[in-house]
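In what follows, a structure is listed as structure tokens, so that the remarks can point back to it.
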Amino acid sequence: MRAFYIIGLCLGLVGCAHSPQVVKPFVEPQYGMTKTAMLDLLGKPDTIEIYKEPDQTHVEFYIYVRKYQTSQEKVPICLINQKIVGWGKTFYEDHVHEDDIRIKRK
């Protein structure tokens, strides 16, 4: 009878255990890569910002956080028409202007 209790306890503990969330390492995207391919490669972004430029173009930035031992870096990836057109902090700063309208941030 004692063996059944021990086996039951072990099974209960195994059932309560959960696997840690797998974080994909940041891999440099490729120009022209589709949004779907990017999400498959990098996973879900930390934040998304969508802007409307004066010419009505929607510019989407998928922002990933690259973590190091003692610091972290935000890496924005820019998509226009569902394709990657550039990435990085400088690219973000060059393409987000004061007269752009932020449509969405999540």
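Each reported figure results from applying straightforward, stated rules to the coordinates on display, with no laboratory input. Source: prediction; values computed, not measured.
Subtracting the Cα-Cα distance from 0.36 nm times the residue separation, let me have the gained length for LYS52 to ILE101 in nm, one decimal.
17.1 nm
Using the reciprocal of the averaged 1/r over all distinct C-alpha pairs, how large is the Kirkwood radius of the stretch 29-88 in Å?
One over the average 1/r among Cα pairs gives 12.0 Å for the stretch 29-88.
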